[in-house]
Each structure stands twice: as structure tokens, then as C-alpha cells.
Amino acid sequence: MRPTYDVVIIGGAMIGSAVAWWLARDGGFGGTVLVVERDPTYERAASSLSHSCIRQQFGQPVNVLISRFTAGFIRDFRASMDDPEAPDILLQSFGYLYLADDPAFLAVLEDNAGMQRSLGAATRILSPSQMQAEWPFLNVEGLLGGSHNPQDEGYFDGATVFDWFRKKARQMGVHYLKDEATGLLRDGSRVTGVKLASGATVSAGAVVSAAGTRAPEVARMAGITVPIEPRKRYSVRFSAAEPPGIVPLVIDPTGIFARTDGSAYLSGYTPSPDDAADPDDFHMKDGPRFWEEEMWPAIATRIPAFERLRVLHTWVGHYDFNVLDQNAILGEHPEAPGLHWATGFSGHGFQQAPAVGRALAHSIAHGTWGPIDMTDLSWSRVVENRPIRERAII
């Protein structure tokens, strides 16, 4: 480890490693990069507990553009990595199926679909009879319609993408250090480096917070606030006695969803109340009751084939939930120049990492966002309390 780096990244999971890789491959940058990661096993990182899905059905144009870039990045992963040994990554396009049981939400889906199609997505609005014809296992009683995108939307092997970001970053000279940021070096308001739990200090031309649910801790070090909270999300993987076949990611009006997961199925749920959690708390509080009284009845009502099933695995993950508008917060804070942010993804970080990594690296190296303008996701709307609320949150 050097005493000085051009860029120090706090957090080495999917987002931090994507930023590191894009910086390392940028011929116009040519600087040194250090990634500080408190747990290099990533056992409880959101990247490891992610459902590894991708969708283009967002309510904000910038999010649609981000996902369209990621889809292309995954489809041609070997070329994206610029390495003939990189594997092919399969994007299983079973699509997301948003279900509407009231006119207001159906109108939102229709409005979103028009915007998504204008940006190249293949989103379609389906009537209950059309959904019943395409997915005979689906109970459409009480529904007014749905939104589905059959292209570049579904599941991908995000763990392999994550592994390759780290592998290639290291090959190109990025240093990874097992340690924890406990403070920031300052020159007036400018952030000039980090203090580490080991007692070391590292100077830097730029510091990146890719700390996920620990972003509020980094904000406190900088003397600012960030509207991010760790929020628990429950996941249940199960097998069905009578498998209905390929199930798209069906989002019931209750907010509970279920989808195909290899030879089994996966369901997820937001516990109620959806309070802030300790970033080290992965306990499924009242989990059996949630499953038996809320999750299972909802998915079995919507997909009757799930009335007879066997639970295989349960776990708790965390969102770095942006309470302002459920969108990422990117770039420098005006009151702490030198400290760049890539946090607050609210469950979308895994799928947004390739595009966000590129944009943040380009911003640091060249002063602009690059091909996708991320201004809508910058700190300015947070400081001005001007949310760009994402209308398509799971």
C-alpha cells in the first residue's frame, strides 16, 4: 500500500469494483486506485445477497438508459471485458410482469411504457385476457391489466460479472486492502484522503463512497447528511409440487413478487413496518409469520400452483434505501469537494453498476459523466430537496 493514491474507493462490492475497473481501463486517467473493503468475503454485502435481476421498466428515463447499457454490456460480456477468456453471460429474459388492480396504477404503467418504448425498450401493456393466454397458470381475477417487457429483462449471473470486475481491476493495478475507513482527511472543506481502522492514513486526489448501507457513516465523517437508510428485504426460495413452468417476475399489487429461479422459484417481500435497520442486523424478525400469513397466501392466490410448495432457503438482504426518491446519489457533494458518491441505489445497484461505474470513473478522470448524462442522479436534487421519485420500485 502506498501512502498516496489518485483515487481511494470506500467499499469493494459491485459498485466500488465497477468504478475501480472503469478507472483502471481509462487510458486518459492513468492514475493509482486503492479499494478499501472491510469484509473481502462479501458474505453480507448487498452484492452477495442480491436477486441479480435486471429490468428496463423504470419510471425515470435515466434509469431506463442505465439498464439498456447494462443489458448490452452483459450480452457481449467478453468484448466488454476486452478479454478472450471472459465467459459468456446469459441474460434470461423472462421479463417483469407488473400487475395493476386499480385505474391509477394502470395509468402509471401505461405512461411508463410509452417512455420506455421511446428509449428502445420493448414494454407492452397487456389486458387480463392477454396475460391469461400467455401465462395460463396466472389468476387474473381483480386485475385491470399489466406491464411486461420480454427483451433484456430478467436474471443474469451478476456474481460472475462482480468477480470479473475485481479480477480485471487487480490485473490492471488496482490495490485492494482489507481495512475500514474511520475518518476523512480534510484540507478546509475538501476531502483529501481517508483514515483507516488499522491506524494508517492514505492521501488521495479523490475519495469515492461506495459504502452501501454504511453511507451515512461516511457522510458523518464528512460533516454532511445523506438520506440513506439500511432497509431489510426478505427472500424465500422454494420448490413447487406442481411446477407451473417459467414464471416471469410477477409483481402482485400487494408488492410481493415471485419468479423462476433455476429449477425452483424465488419470492421477495418488504416487511412492514419498513423501518431503518442496523447495517449488521440480518435477522428475519417475525419471518415465519410474514411467510405464512402474507407472502405465501399472496403468491398462491396469484399463482395457484404455488399452493403446494416446499421452502428451500430464506435470507435477509439490505437496500441502501434513498428515502428522498429511491434513486442513486452520484457525484461530488458541493460542501465536501473531493468526495464522490455512488450510493442510495434502493435495490438497483447490481444492475446499474456497469453504467454507474463508467459514469463515475469518467466524471473523476475527465470532469463529465460520459455517454449517459447522470445529472438527474447528482447531489444537486438532494441538496435542493427536489426528488425525482422512481415510480417503479419493488
Considering only residues of region 328-372 that are of a type in the set (S, T, N, Q) and touching a Gly at 6+ places or on another chain (Cβ under 7 Å), which is farthest from ARG391 (Cα to Cα)?
SER363
If you check every pair at least six apart or on different chains, which have Cβ atoms under 8 Å apart with a residue in region 132-147 that is closer than 15 Å to THR301 by Cα first and a residue that is part of a helix (DSSP H, G or I) and of a type in the set (A, V, I, L, M) second?
PHE137/ALA305; LEU138/MET131; VAL140/MET131; LEU143/MET131
Suppose the filter is surrounded by fewer than 18 Cβ atoms within 10 Å (Cβ to Cβ) and more than 30 Å from ALA24 (Cβ to Cβ); does PRO87 pass it?
no
Write out, first by first residue and then by second, each pair whose Cβ atoms fall under 7 Å of each other, whose residues are 6+ apart or on separate chains, and whose first residue, in region 276-299, is at pLDDT below 95 while the second is part of a helix (DSSP H, G or I).
none
Only one residue in PHE29, PHE58 is under 29 Å from ARG190 (Cα atoms) and assigned to a loop (DSSP other than H, G, I, E, B). Which one?
PHE29
Suppose we keep only residues that are without any contact (Cβ under 8 Å) to a residue 40 or more places away in the chain and in a helix (DSSP H, G or I) within region 347-379. Which one would you say is surrounded by the most Cβ atoms within 10 Å (Cβ to Cβ)?
ALA359
For the structure I just gave you, tell me whether GLY268 is assigned by TED's automatic domain parsing to the domain that holds SER50 and buried (at least 18 other Cβ atoms within 10 Å of the Cβ).
no
Among the residues of region 61-103, how many are within 21 Å of the chain's Cα centre (by Cα), touching a residue at least 40 places away in the same chain (Cβ under 8 Å) and part of a loop (DSSP other than H, G, I, E, B)?
5
Selected residue [under 27 Å from GLY173 (Cβ atoms), hydroxyl-bearing (Ser, Thr, Tyr) and not assigned by TED's automatic domain parsing to the domain that holds GLN132] from SER52, SER48
SER48
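The values are calculated or read from the model by the stated rules, or taken from the named source; none is laboratory data. Predicted model only: the values in this text are computed from it and were never measured. Cβ sites come from the backbone with ideal geometry, for glycine too, and all protein chains shown count toward neighbours.
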